[in-house]
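Everything on this sheet refers to the single structure shown next.
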Amino acid sequence: MRLEDVDPAVFGLLIHWVYHQKFDLPRVEGKEGKVSADYEKLAELWILAQRTLMPALQNHVVDIFFGSLSDEVLWNGSNFGRLMELAGENDPTSPLSQLAINTMVYSSFCFLMLGS
């Protein structure tokens, strides 16, 4: 298996998962110096886990996304757009794509109907 198109940081997360069944959440500094989870790396990790047949790792990444439902950084336009782009490149009908779409709809509903 060739992994020439895989980011070394993402591959490092996968290897850490293989040995420890956990990994440190990748972080990125956003606007105004706010540090948040690097959702792009998490999406790339989910895709790599799919390629390497590691459903437990895929589930762990999805759990992280579900735990981040209230994180406004995840659902801003550019982050969500990149998440959908990554998911769509992989498979537009994948569980990652479905998760992103369903969560965006839910978040939009909550914002419109509940004001939060």
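We did not get these values from a lab; they are worked out from the coordinates using the rules stated. Note that the structure is a prediction, hence the values are computed from the model and not measured.
Counting 0.36 nm for each residue step from D5 to S36 and taking away their Cα separation leaves a gain of 8.7 nm. For F109 and D24, the difference between the fully extended length at 0.36 nm per residue and the C-alpha to C-alpha distance is 27.5 nm.
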